[in-house]
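Notes follow the structure.
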Amino acid sequence: MLSACGELVLFLNCCGRDVIGVFRRRVVEWFRVCGDRELPWRVRSDGWAVLIAGVLLKRTTVKQVLKVYEEFLKRFPTPSALARASEDEVWLLLKPLGLRHRARQLIELARALVERFGGAIPCSFEELKSLPGVGSYTASEVMLRVCREPAPLLDTNTVRVVRRVFGIEPSRSNSYEDSTLLGLAKELTPKDPSEAEELAYGVMDLARKVCKARSPLCLECPVKDICKWFSTQKAQY
Ligand code: SF4
């Protein structure tokens, strides 16, 4: 007996035409059934909550961040509230993440927002990236979720999926500086912000649950029949 995810994957693999359109549609449909749509930072769309999630999720797991996220926002609901806090106070809350420097970094982020933007979240990729602890991925996520400007979200995991499906060779440069990868990622991103959001989180969840770094679960993948990497590995399955 197939699960809802299994049935969907069988259905999605039966009819592909243009690869980018097929990739988008299948990942979004898979996400609606199999993705983690209810994660608290995906439900909330206020800038501060999205920014904090992006910083907390760096080099940590979803499970770890779930332990502290809501409590953190309850205690520090705005940049000004966090800007006034002491490092020890913040660290006490963030202990389950095990990264003491993250407490310091978050306070610096809050202070920079208060001093430079009066406590508001700027809608500019460059200004967001200039904030302490905010990298290209988090800046793009805020642009997409808060400013409603579709942007690709590239991290190690989402890049792995795109490289494998479209057969792009790994490069040494940062994903946001790799012109081939960035060009394709932009082409893949729908113009509608809600669709772009579903696709971005779909690729992210697909990377985490199916297209794992080691031993990807290709037979359970909704895009296996358009995946270049899978087509070269078929004999092993
Ligand atoms: S078919 Fe395999 S390698 Fe290709 S995207 Fe799916 S899980 Fe990843």
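Every read-out reported here was derived from the displayed coordinates using simple, explicitly stated rules and does not represent laboratory data. As the structure is a computational prediction, the values presented were derived from the model and not from experiment. Methodologically, a virtual Cβ is constructed for each residue, glycine included, from the backbone with ideal geometry; neighbour enumeration extends over all protein chains shown.
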Next item on the list: From the list Asp205, Asp178, pick out the single residue that is of a type in the set (D, E, K, R) and either out of contact with any helix residue (DSSP H, G or I) (no Cβ under 9 Å at 6 or more places or on another chain) or more than 14 Å from the ligand (Cβ to nearest atom) (or both).
Entry: Asp178
Notebook entry, point to check: Within the stretch 152-161, can one find any residue that is more than 23 Å from Asp225 (Cα to Cα), more than 16 Å from the chain's Cα centre (by Cα) and not in a helix (DSSP H, G or I)?
Noted result: no
Next item on the list: Hey, can you tell me all the residues within the stretch 166-191 that are closer than 18 Å to Val142 by Cα and over 17 Å from the mean Cα position of the chain (by Cα)?
Entry: Lys191
Next item on the list: Would you please name the residue that is surrounded by the most Cβ atoms within 10 Å (Cβ to Cβ), looking only at residues in the stretch 26-75 that are in contact with a Gly (Cβ under 7 Å, 6 or more places away or on another chain) and of a type outside the set (Gly, Ala, Ser)?
Entry: Val27
Margin query: Where the second residue is more than 8 Å from the ligand (Cβ to nearest atom) and aliphatic (A, V, I, L, M) and the first is under 20 Å from Val28 (Cα atoms) and lies in the stretch 221-237, which pairs have Cβ atoms under 6 Å and are six or more apart or on separate chains?
Written below: Pro222/Val9; Pro222/Leu12; Ile226/Val19; Ile226/Val22
